[in-house]
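**Q** This is the structure, below, for whatever I ask next.
The values are calculated or read from the model by the stated rules, or taken from the named source; none is laboratory data. Worth saying up front: this structure is predicted, and the values here are computed from it rather than measured. Please note: Cβ atoms are built from the backbone with ideal geometry, for glycine as well, and neighbour counts cover all protein chains shown.
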Amino acid sequence: MNEQEIGASSHRTSPTDSTPAATGSPQPSLPLGLALCVDLDGTLVKSDTLVDSLLVMARQQPASLLSLPGWLLQGKAAFKRHISQAVTLDAEHLPYNRPLLEWLRTQHSAGHGIYLATASDSAIAERIAAYLGIFAGVIASDGANNLSGEGKLAVLREKFGERFCYIGNARPDAEILVACQSPMVANPHRALQTRLKTSGTIATTSFYDRGHILKNWIKALRLHQWAKNTLLFVPLFLAHRWAAGAFTGAGIAFISFGLCASATYIINDLLDLEADRRHPSKRRRPFAAGELSAISGIAAVILLLSVSVALAIFLQPLILRLAGNYPLRLPHAFLGWLVLYMVSTLVYSLYFKRKLLLDVFLLSGLYTVRILAGSAATNVPISTWLAGFSVFFFLSLAFVKRFSELESVRERGSALSTGRGYLVSDLEQLRAFGTGAAYAGVIIMVLYIRDPDTRLLYGHPYLLWLVIPVLLLWLSQVWMRASRGEMHDDPVVWALTDKRSLFLGLLMAIVIWLAAGGIDHFTRLF
């Protein structure tokens, strides 16, 4: 038998798209009377429903996690039953293998008896079967018996004899695939493929619904969000410190913060699985879409945080080794700011993200923490003016982010921002808060320019007045775009890709350089 591939890489679709998946080869036909048995986790659904349920529990009922050790001692089947009773997965928005699901619907229409055969608890399996409406029956764990591997094979033989076909994806499915007629696989694990090859078993059909793993990891890590960590260099540039040790400290801090940020983004995605799957764009995130497993995400979090903290702990030795003698006044101050950032982002994801206004204030504070961390990593103190400006400036951008999300909700015809605590009727109030904070930041910039101490850093401080209209123009542009529903990304990340924003940023940099003495160099040239 020749292996066929349905849903090849050139025909992949989003797991929650409503349109049928295209097929890359002729669909296999099965004789009537042959029971078609389909595994659930990793096969019909690209994720693991047990792990998904645990993540939903961690979000909705964190106190219940304390019961997990006791449930585990009762055995796998009992453990799964407790989890299925504690939370209810949203069957409609699970990341289904689209090519497989469409083929099963075709077989159902042709009169084949299809059975959901899974080691998952029957409560979850029955819920999914009821939603899909294509199954003649469900064979699953029942709280006393864990239906996996040889145990599942025994039940299938007892029910169907040798007249059954099976579709699986992982190593425990190998014994069943070897024993059944017309074995099929869906997104098969390498261990399963090796076992089938060793046994001389060839899958008649393979249903693939996976994206490129490297691209998915890059997307999950959100490397583009590392742009926010350039704030670590702000104290350095504004103080006009160009020492190699200071730049080395800022560079190491940048990597450390980036790794930590990527870890927290993964944590946030894992905890928001159900909400993201209902969102029109967030459902395409790798973990929500089932492109990456939650277990691999947890492993990535541990690795990323370990390296991030290690860089923070050894910041001073690394600076001395790479840039020579540049002692930090407080060698572990940067570690303190990193831990504060880490804890704050976790608290934000677990609690404050859904609290009215508190979410915005904490989100804006994380930007200021980056600047303070940059100060600690470079031995460059920040002025009270910079601290005050950053508070209001980033508060405005945080309001932009929430305003844009609420505007998107309004365009979809809803009245409530899911899980956020904001109403569409709050739009004008958020606009007032955000624009007010923006112009408050500009006023602080004006006061900074008038401060006599500014002359100690800038030979021509009067040129800094040119920054004010440019800053006003950019902030006004941000809020105009948000009001038009055109701000679909984080405003800081958007600014780094928007041509007009980049031009205005370059213009401000040139003005600051001229004010710092660049104009003297310029006039000497002419």
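**Q** Is it the case that some residue within the range 368-379 is at positive phi, surrounded by 15 or more Cβ atoms within 10 Å (Cβ to Cβ) and at pLDDT 90 or above?
**A** Yes, the range 368-379 contains at least one residue that is at positive phi, surrounded by 15 or more Cβ atoms within 10 Å (Cβ to Cβ) and at pLDDT 90 or above.
**Q** For the range 7-50, name all the residues that are on the phi > 0 side of the Ramachandran plot and modelled with pLDDT of 50 or more.
**A** The answer is G33, G42.
**Q** I would also like to ask the following. Could you list all residues from the range 324-342 that are within 35 Å of the chain's Cα centre (by Cα) and either among the hydrophobic types (A, V, I, L, M, F, W, C) or not in a helix (DSSP H, G or I) (or both)?
**A** L328, L330, P331, H332, A333, F334, L335, W337, L338, V339, L340, M342
**Q** Now for a different question. Among the numbered criteria (1) among the basic types (K, R); (2) over 30 Å from Y96 (Cβ atoms); (3) touching a residue at least 12 places away in the same chain (Cβ under 8 Å), which one does R278 miss?
**A** (2)
**Q** Another question about this same structure. How many of the residues making up the range 461-484 are over 36 Å from the mean Cα position of the chain (by Cα) and over 20 Å from A239 (Cα atoms)?
**A** 1
**Q** Enumerate the pairs (first residue in the range 322-347 and among the charged types (D, E, K, R); second residue anywhere and part of a helix (DSSP H, G or I)) with beta-carbon separation below 9 Å, excluding pairs fewer than 6 apart on the same chain, so at least 6 apart or on different chains.
**A** Pairs found: R329/A376.
**Q** How about the range 218-302: which helices (runs of 4 or more DSSP H) wholly inside it have at least 2 residues that are within 22 Å of V347 (Cα to Cα)?
**A** Passing ranges, in order: 244-271, 273-278.
**Q** Could I ask something else about it? Counting just the residues of the range 161-218 that are within 27 Å of G137 (Cα to Cα) and among the basic types (K, R), which one comes out surrounded by the most Cβ atoms within 10 Å (Cβ to Cβ)?
**A** R171
**Q** Listed residues L464, L506, L456; which is touching a helix residue (DSSP H, G or I) at 6+ places or on another chain (Cβ under 8 Å) and assigned by TED's automatic domain parsing to the domain that holds L406? First the steps, then the outcome.
**A** Working: L506 fails: touching a helix residue (DSSP H, G or I) at 6+ places or on another chain (Cβ under 8 Å); L456 fails: touching a helix residue (DSSP H, G or I) at 6+ places or on another chain (Cβ under 8 Å).
On inspection, the qualifying residue turns out to be L464.
**Q** Right, here's the next one. Can you name every one of the helices (runs of 4 or more DSSP H) wholly within the range 367-484 that holds 3 or more residues which are closer than 27 Å to F254 by Cα and in contact with a Pro (Cβ under 8 Å, 6 or more places away or on another chain)? Show your work before the answer.
**A** Working: elements: 384-411, 427-450, 467-483.
By residue number, 384-411.
**Q** Would you call V360 assigned to a loop (DSSP other than H, G, I, E, B) and either touching a strand residue (DSSP E or B) at 6+ places or on another chain (Cβ under 9 Å) or not acidic (D, E) (or both)?
**A** On the way: assigned to a loop (DSSP other than H, G, I, E, B): no; either touching a strand residue (DSSP E or B) at 6+ places or on another chain (Cβ under 9 Å) or not acidic (D, E) (or both): yes.
No.
**Q** Another question, then. What about Q193, is it at pLDDT below 95, over 21 Å from V309 (Cβ atoms) and outside the structural domain of T497 (by TED's automatic domain parsing)?
**A** Criteria met by Q193.
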